[in-house]
1. Here is a check on your reading of the model: is Lys103 basic (Lys, Arg) and surrounded by fewer than 20 Cβ atoms within 10 Å (Cβ to Cβ)?
2. Just wondering, is there one or more residues in the stretch 495-503 that are surrounded by 21 or more Cβ atoms within 10 Å (Cβ to Cβ), in contact with a strand residue (DSSP E or B) (Cβ under 8 Å, 6 or more places away or on another chain) and under 30 Å from Arg654 (Cα atoms)?
3. Kindly list, by first and then second residue, each pair from a residue in the stretch 306-333 that is in contact (Cβ under 8 Å) with a residue 12 or more places away in the chain and within 18 Å of Gly468 (Cβ to Cβ) to a residue that is polar (S, T, N, Q) and part of a strand (DSSP E or B), limited to pairs with Cβ atoms under 6 Å and residues at least 6 apart or on different chains.
4. Could we say that Val118 is under 30 Å from Val363 (Cα atoms), crowded, with 24+ Cβ neighbours inside 10 Å and touching a residue at least 12 places away in the same chain (Cβ under 8 Å) here?
5. If I ask for residues that are part of a helix (DSSP H, G or I) and either outside the structural domain of Ser287 (by TED's automatic domain parsing) or within 11 Å of Glu49 (Cβ to Cβ) (or both), which ones from the stretch 778-798 would you list?
6. With respect to Ala602, is the statement that it is under 27 Å from Val543 (Cβ atoms), of a type in the set (Gly, Ala, Ser) and not assigned by TED's automatic domain parsing to the domain that holds Thr193 true?
7. Would you mention how many residues in the stretch 265-290 are of a type outside the set (Gly, Ala, Ser) and assigned to a strand (DSSP E or B)?
8. When the residues of the stretch 329-353 are narrowed to those that are in contact with a Lys or Arg (Cβ under 7 Å, 6 or more places away or on another chain) and over 18 Å from Arg113 (Cβ atoms), which ends up surrounded by the most Cβ atoms within 10 Å (Cβ to Cβ)?
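The values are calculated or read from the model by the stated rules, or taken from the named source; none is laboratory data. Every value quoted in this text rests on a predicted model; they were computed, and no experiment measured them. When we count neighbours, we look across all protein chains shown, and the Cβ atoms used for this are built from the backbone with ideal geometry, even at glycine.
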Amino acid sequence: MKILLGLLLVLVLAVGGAATWYLNVKQPVRSGTVDLFKLTAPVSVQYDERGVPHIRTENEADMYRALGYVHAQDRLFQMEMVRRLAKGELAEILGPKLLDTDKLFRTLGIRQRAQEYVAKMDMESPASKALLAYLDGINQYQDTHRAPIEFDILGIPQQPFTPQDTVAVTGYLAYSFAAAFRTEPALTYIRDTLGPQYLKDFDIEWHPEGVLSAAPALALGKKDWEGLNRLAQASQEAMEAAGVPMFEGSNAWAISGKRTASGKPLLAGDPHIAFSAPAVWYEAHLSSPGFELYGHYQALNPVALLGHNTQFGWSLTMFQNDDVDLIAEKVNPANPKQVWYHNQWVDMTSRTEVIQVKGKSPVKLVLNRSPHGPIISDAFKDTFDEGKPIAMWWAFLETENPILDAFYELNRADTREKARNAAEKIHAPGLNVVWANAKGDIGWWAAGRLPIRPEGVNPTFILDGSKGEADKLGFYRFADNPQEENPSRGYIMSANHQPLPRSGVPVPGYYNLVDRAQRLDNVLRAPDRLWDSAAAQALQLDVNNGYAARILQEVMPVLYSVVTDPNEKSFLEPLAKWDGAYTRDSIAATLFTQFTYELAKAAMEDEMGEVQFKNLLRTRALDAALPLLVANADSPWWDNVDTKAKESRFETVRIAWVNTLKHLQGLYGNSLLEWSWGKTHTLTHGHPLGMQKPLDKLFNVGPFPVPGGRETPNNLSGPIGPAPWAVTYGPSTRRVIDFAEPTKALGINPVGQSGVLFDKHYDDQAERYAEGIYVPQYLDADDVKKHAESTLRLRPAH
């Protein structure tokens, strides 16, 4: 027995020692000396207490090579996943469940576009040289270190990273902004199957005759709607399964010196992006002779998309312009490879792609392209009716889009003119660039190439390709885009709302609710207030807006007539007294959020069906519709088409209220004290492997009870749905820079710098983020030295 126990102890120790060794060799190395090929001089990388690298080099090539190396050791798995998602290669490592995702992304044409784009790149341009050096740093790290844990679990083969990968990821970025895949099918379905009277509560321009229904040969049938639903679902599932953050919205504002306590401009920004582990941004401070920037970087991109130094800085929000059109093509009955275009039958082109599937045979995909763009219905041919292809026109595929050059120049834009010129090079996705400098300038440019559509065409709906509706007559000038420089009111604010171009150029898009923008503008507009960093932080953390008030002012009188039981009326009191703030202790926020979901469900699901209704829940169109719906007692949505009786607003509100109480009581009991927002509204940062239990306990970070809500400035939110609510997106960072002291800028990472499990920086900022705490972003050399916890030295290899 003693011998057996001894052997068992030795075995346990051996396994424990092997596991410790295995995990240790996967960890980032942030001290010591490493040899790196192609360096021309030694490089110093100082890591602060959050694991942010401060890279100091003697030339630009070494700077980007070092950035690639340190970025890879913290985020190599993220880099691998985002390039596989963009190029349609996830099924190769995750199996058949990701086949639909790969089909979708192959059909979008991102992979092919990346190949064509790189073939035309000038590899001697400064931006291209930066990219090549950065990718070389990534590849050198990958070639000399053991693969991350996730590579071993999934059996991922290591392959070099290429410029095509970076361009493809840019395509994913553009695609993740596009709301057309979710919105256009839903609204077209409402118009062409229910009738234009149902659109009146959506506050959009519409064709009363219905574009598709006016042409019987193009009318979409049940299978076509199912196919469009499948496209929308594949789009959403792609982001969730791959753990790659999807862009959702953003806040940014710049305040001129005449409105600040310091007398210098103040810049604040918090792009709203889906949460994940690791987080989307990698922070790094780069400096070389003539260049310095504290930047926020995305996987496989050598230039910062957000950044600042002592002279200038900028933030981004989504423009939300509609740069995607879905187009129903008319097929030649005598030749299924031809479509009607400009009054003649025109051949479609085709290509074949092969998708590797883990554990299964490869899948061959034949993809067609019409003159309008890729036939996206080819992704799921078995779902669509034969002979009714849906094409996609996408600005990303149809513009030069030198976005790498744009941000390379923006990283160096120390004057308003340089910033404007850099913004002009951003063609897709559409982005609002909000910029400020220490000299006193502030500026905003809505960047993106806006297509000139035929007069009268509403791109909110699927367009008829045979009638010229999908034609593009060119692009408007950048000077015609919405923009402002040094406005007299002393501030600029961008919050994904519908912009008003002074040029009069139409800017169709899928814009967010106006309520968040109005809240920010009302606070910023206060004439006697002088802004400082603390005030900017408070506004970023603000949890108010006027949306609930707009709905409750119409629906509370109905609820008071609906609810007659004295005990049940006590549940109405929190709503009646609510100031609209989504604080953790708010009971009204829980009641309101559940009620609005139940109201939408009771009013609309019977007409739309379960699948289309779920699709509608993920659109911003529903947000805009609900206030109009509750104000319209005569809306056709109130009637339940599945019953013989004709229901009114009164009856539908009653059903929604009963279901609200039933759902919340079933989850939390009858005590209102248990219905607080913090208990029902939580944030978990999900890792791709965390979707599989029990790996969620290892890889996911959270949950954290959080304040904020849908379209409050502190936009911690997710799709409309029933309680409990898992926050899926929100501020991907919070940054505040006062250019009186730009070296004292503040920010926060939602999770941590590192994507390496068990690294101390994997989740060391998550709790502080949930609590609304900010941390310093060191820019001054003395501060960097003072707060350096370790130093990694890179030296030229011989």
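1. For Lys103, the condition - basic (Lys, Arg) and surrounded by fewer than 20 Cβ atoms within 10 Å (Cβ to Cβ) - is not met.
2. No, that holds for no residue.
3. Matching pairs, first to second residue: Glu329/Ser370; Asn332/Gln338.
4. It is false that Val118 is under 30 Å from Val363 (Cα atoms), crowded, with 24+ Cβ neighbours inside 10 Å and touching a residue at least 12 places away in the same chain (Cβ under 8 Å).
5. Once the filter is applied, which keeps residues that are part of a helix (DSSP H, G or I) and either outside the structural domain of Ser287 (by TED's automatic domain parsing) or within 11 Å of Glu49 (Cβ to Cβ) (or both), the stretch 778-798 yields Lys786, His787.
6. no
7. 10
8. Val339
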